[in-house]
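Okay, so here's the structure we're looking at.
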Amino acid sequence: MEKKITEFLEKAKQELATCNALKPLNDLRVKFLGKQGELTAFLRSMKDVPNEDKPKIGQLINKARQEVEEKINELQRKLEEKVLEEKLSRQKVDITEPSKVPEKGEIHPLHKVFDKLIDCCVEMGFTVVTGPEIEYDYYNFEALNVPKDHPARDMQDTFFISDNILMRSQTSSVQVHAMETMKPPFRIVSPGRTYRADSDATHSPVFHQFEGLVVDENISMIDLKSMLTNLLSMLFGENTKVRFRPSYFPFTEPSVEVDATCPSCGGKGCKLCKGTGFMELLGAGMVNPKVLEMSGIDSKKYTGFAFGPGVDRLAMVVNKIPDLRMMFENDIKFLEQLK
Ligand code: PHE
């Protein structure tokens, strides 16, 4: 037994001396020290050793285990170090290499206009709300005083999903949601995407509107005019002249179309404003009492006004872009010029 242990120790030392990688080292650890390993086998055969020899043999086995364990641990440390060194030498950093400048993202020109509109309106006490883009006919038309057979429906080439459900053609649908859920007095604005089957240089099937609605006691046309004049001068500068022209929308009465001095030529007349000096920017008006009543608001006590600029048009004007589609083609070179 004694001899066998010494032989085992010699053999283990030899095998360890030629081991030069972590995986075979682990195999050796299992072979020598594992549960099915050679040293465990010695312990198992202790039962055949005469009693008087047991303490001595036991000690020998323990010493052998200790020695092999130490050798394996030491070798493991060395091999790990070697692996790390190799890895580090492979990952050398060339500090003379020129660095890559990361490209910086920018807010889309359209969203800058949205942000500006929201900032101005929040400053005037408006709350921002949103509504669904897939909408019931009721919210997009009927509750806005546009019944099924109303000719005003023809102005908005609507994408219908079913008889009753459509892609909203105007953010005015959010007016109805607001009136149904909020108690006057309130002031809301609602930015969002709108859809119409229309496509040319100034129309896109997906476009953007910004709806505003104020409902309170004693709201009059004066409030509408002053608020919108204020908003447009915040957007285009103090010297902006604002013009209100009579118009028609089924959900407002009276209705107006609002123009502002062309920001491109300052009112002198240019290509962008077709020589008129003015740009048509939004529709607005006093909320039709019928519309208030349909959503459960007492039109004898409350009045209101609404307005709804086309945001794509505003972005075209602000950035002097002749074709609206250019904004959605995602040509980075073009968008970069609008920073
Ligand atoms: N929703 C109208 C349109 O798309 C604009 C509008 C909004 C008019 C609010 C009056 C009041 O043409």
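Here are some notes:
- In a DSSP loop and with at most 14 other Cβ atoms within 10 Å, the trypsin sites (Lys or Arg not before Pro) in the stretch 256-308 are Lys268, Lys271, Lys274, Lys300, Lys301.
- For q = 0.07, 0.13, 0.14 Å⁻¹, Debye-computed log10 I/I(0) when each Cα of the chain counts as one equal scatterer: -0.49, -1.01, -1.11
- Near the amide H of Asn288, within less than 5 Å, lie the amide hydrogens of Thr252, Glu253, all on another chain or at least 5 residues away, with H placed in the peptide plane.
- Total charge dipole magnitude, the stretch 1-154, about the Cα centre, Cβ charges on Lys, Arg, Asp, Glu only, Debye to nearest 20: 1620
- Net lengthening on full extension, Glu238/Glu52 (0.36 nm per residue, minus Cα-Cα): 55.9 nm
- For the chain, share of DSSP beta bridges that run antiparallel, in % to the nearest 5: 95
- Shown is the FRET efficiency for Ala152 and Val101, computed with R0 = 56 Å from the Cβ-Cβ distance and rounded to the nearest 0.05: 0.55.
- Rounded to 10°, Cα long-axis angle of helix 22-33 versus longest principal axis of the chain: 50
- For the chain, modelled as a GNM whose springs connect Cα atoms under 10 angstrom apart, the maximal fluctuation among Pro185, Pro24, Pro263 occurs at Pro24.
- Cα→Cβ-extended label distance, 7 Å offset, between Met124 and Gln14, nm: 9.7
- Distance cut-off 15 Å, percentage of C-alpha pairs in the stretch 2-90 lying past it: 62
- Principal-axis analysis of the Cα atoms of the chain puts helix 172-181 at an angle of about 80° to the longest axis.
- Each Cα pair under 8 Å and six or more residues apart adds its sequence gap; the mean of these over the residue count of the stretch 254-339 is a relative contact order of 24 percent.
- Working note: 222 nm ellipticity from helices only, DSSP H runs with n ≥ 4, each -39,500 (n - 2.57), summed and divided by the residues of the chain, gives -12500 deg cm²/dmol to the nearest 500.
- GNM top mover of Arg65, Arg196, Arg187 - the chain, alpha-carbon springs below 10 Å: Arg65
- Sequence-distant contacts, meaning Cα pairs under 8 Å at least 6 residues apart, place the relative contact order of the stretch 2-90 at 37 percent.
- Where the chain is the region considered: accessible area per residue in Å², 1.4 Å probe: 59
- Think of the stretch 1-151 as a dipole: +1 on every Lys or Arg Cβ, -1 on every Asp or Glu Cβ, centred on the Cα centre; then among Gly34, Val129, Tyr139, Gly34 lies furthest on the positive end.
- For the chain, built as a Gaussian network whose Cα springs stay under 10 Å, the top-fluctuating residue of Ser99, Ser233, Ser89: Ser89
- In the stretch 76-132, trypsin sites (Lys or Arg not before Pro) in a DSSP loop with at most 13 other beta-carbon atoms within 10 Å: Lys92, Lys100, Lys104
- Pairs of Cα atoms nearer than 8 Å and 6+ residues apart set the relative contact order; for the chain it is 14 percent.
- Acute angle (nearest 10 degrees) that the helix 221-236 long axis makes with the longest principal axis of the chain, alpha-carbon atoms: 50
- Per atom type, the stretch 1-115 shows carbon and sulfur on 54% of its accessible surface, probed at 1.4 Å.
- Cut-off of 10 Å, at most 16 other beta carbons, DSSP loop: longest stretch of the chain lacking such GluC sites (Glu not before Pro): 1-102
- D_trans [Stokes-Einstein, Kirkwood Rh over alpha-carbon pairs] for the stretch 217-310, 10 °C, 1.306 mPa s, µm² s⁻¹: 112
- Cys residues of the chain that find no other Cys beta carbon under 4.7 Å: Cys19, Cys120, Cys121.
- The stretch 157-257: translational diffusion in µm²/s, Stokes-Einstein, Kirkwood Rh over Cα pairs, 25 °C, 0.890 mPa s: 155
The values are calculated or read from the model by the stated rules, or taken from the named source; none is laboratory data. Because the structure is predicted, anything quoted here is derived from the model rather than measured. When we count neighbours, we look across all protein chains shown, and the Cβ atoms used for this are built from the backbone with ideal geometry, even at glycine. Please note that ligands, DNA and RNA were not included when accessible areas were found on the heavy atoms of the full protein model with its side chains. Shrake-Rupley method; radii C 1.70, N 1.55, O 1.52, S 1.80 Å.
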